[in-house]
1. Of the residues that make up the stretch 99-115, is at least one exposed (fewer than 12 other Cβ atoms within 10 Å of the Cβ), of a type outside the set (Val, Ile, Thr) and assigned by TED's automatic domain parsing to the domain that holds Met171?
2. Which count do you get for residues in the stretch 57-90 that are in contact (Cβ under 8 Å) with a residue 40 or more places away in the chain, away from the ligand (no atom under 16 Å from the Cβ) and in a helix (DSSP H, G or I)?
3. Please go through the stretch 42-56 and give me each residue that is out of contact with any Gly (no Cβ under 7 Å at 6 or more places or on another chain) and either among the hydroxyl-bearing types (Ser, Thr, Tyr) or in contact (Cβ under 8 Å) with a residue 40 or more places away in the chain (or both), ordered by number.
4. For the stretch 96-104, does any single residue satisfy the condition of being within 16 Å of the ligand (Cβ to nearest atom), part of a helix (DSSP H, G or I) and among the basic types (Lys, Arg)?
5. Quick one: in the stretch 31-42, of everything that is more than 8 Å from the ligand (Cβ to nearest atom) and either surrounded by 10 or more Cβ atoms within 10 Å (Cβ to Cβ) or basic (Lys, Arg) (or both), which residue is farthest from Glu3 (Cα to Cα)?
6. Would you check which residues across the stretch 3-30 are within 14 Å of the ligand (Cβ to nearest atom), touching a Cys at 6+ places or on another chain (Cβ under 7 Å) and either assigned to a loop (DSSP other than H, G, I, E, B) or not β-branched (Val, Ile, Thr) (or both) and list them?
Amino acid sequence: MGEVKVIGSTKSLFCTRIEWALKLKGVEYEYLNEDLKNKSPTLLKYNPVHKKVPVLLHDGKSIAESLVILEYIDEVWTQNPLLPQDPYQRTISRFWAKFSDEKVLLGSFGACKAQGEEKQKAVESAHESQAFLEKEIEGKKYSGGESIGYLDLTIGWIPLWISVMEEVDEMKLIETEKFPFLHKWSQNFMETPLIRECLPSGEALLEHFHTTISFLRSLEANKQ
Ligand SMILES: N[C@@H](CCC(=O)N[C@@H](CS)C(=O)NCC(=O)O)C(=O)O
């Protein structure tokens, strides 16, 4: 069904979720690896608004923003549905996906980056958001039941990226005892070979995070 390309960056969790979706659907694609320090004319042409990856190119049409891309993929390739069929459940999945990007992801990253007096507050705030997700995932193998769906792909960054954030700052962000369901869910998710196949190496990610966090901290230090 037409040519599919992903403009992405292998260390970006937003891009990994697109690769997971395409693989689950059995869609062949070409990966255009972007150097985010020196953005290509192709990226600027196809995502002039945000200038960010991922961008999906399908038959020359471009779609940006990973959650929007996931919905497009699910509508165009209807095999192995990602979103629930029921309109209410579908909406609820979108709610939690938005919540986990806006609160859980940014909160966890903020906790990893914070230093000094800010640290404790940032970790508590991240835990507050994670606790809502823990409740939503409680007792479920995957978010939508027995197969991996839209919300699983959205929160799919948790197992690897959280462990990297924890290692960068030698702290615990999601303790097993506090978040048993997120832990169980992470294990189930990571057991799938297709999921592991698309992940960047933990070492490369750790190095990338060290550099990014140090850079962001130095920016903040200069502001003060
Ligand atoms: N909300 C966007 C976030 C995408 C995003 O932040 N991409 C990062 C890579 S992880 C990026 O392209 N950064 C380049 C920049 O900000 O200049 C999505 O879901 O696609």
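The values are calculated or read from the model by the stated rules, or taken from the named source; none is laboratory data. This structure is a prediction, so every number in the text was calculated from the model and none was measured. Please note: Cβ atoms are built from the backbone with ideal geometry, for glycine as well, and neighbour counts cover all protein chains shown.
1. From the stretch 99-115, those exposed (fewer than 12 other Cβ atoms within 10 Å of the Cβ) are 102; that's our starting set.
Next cut, of a type outside the set (Val, Ile, Thr) only: 102.
From the residues that got through so far, the ones that are assigned by TED's automatic domain parsing to the domain that holds Met171 too are 102.
Yes: the stretch 99-115 contains one or more residues that are exposed (fewer than 12 other Cβ atoms within 10 Å of the Cβ), of a type outside the set (Val, Ile, Thr) and assigned by TED's automatic domain parsing to the domain that holds Met171.
2. 2
3. At the first step, the residues of the stretch 42-56 found to be out of contact with any Gly (no Cβ under 7 Å at 6 or more places or on another chain) are 42-52, 55-56.
Once the filter is applied, which keeps residues that are out of contact with any Gly (no Cβ under 7 Å at 6 or more places or on another chain) and either among the hydroxyl-bearing types (Ser, Thr, Tyr) or in contact (Cβ under 8 Å) with a residue 40 or more places away in the chain (or both), the stretch 42-56 yields Thr42, Tyr46, Asn47, Val55, Leu56.
4. Start the filter on the stretch 96-104 by keeping residues that are within 16 Å of the ligand (Cβ to nearest atom), which leaves 96-104.
In the following step, the residues that additionally are part of a helix (DSSP H, G or I) were identified as 96-104.
Next, from what is left, pick out any that are among the basic types (Lys, Arg): 98, 103.
Checking the stretch 96-104: at least one residue is within 16 Å of the ligand (Cβ to nearest atom), part of a helix (DSSP H, G or I) and among the basic types (Lys, Arg).
5. Narrowing the stretch 31-42 to residues more than 8 Å from the ligand (Cβ to nearest atom): 31-33, 35, 37-38, 40-42.
Applying the additional criterion that residues be either surrounded by 10 or more Cβ atoms within 10 Å (Cβ to Cβ) or basic (Lys, Arg) (or both) yields 31-33, 37, 40, 42.
Working: Tyr31: 12, Leu32: 13, Asn33: 17, Lys37: 27, Ser40: 20, Thr42: 16 Å.
For the stretch 31-42, the residue satisfying everything is Lys37.
6. Listed by number, the residues that qualify are Gly8, Ser9, Glu19, Trp20.
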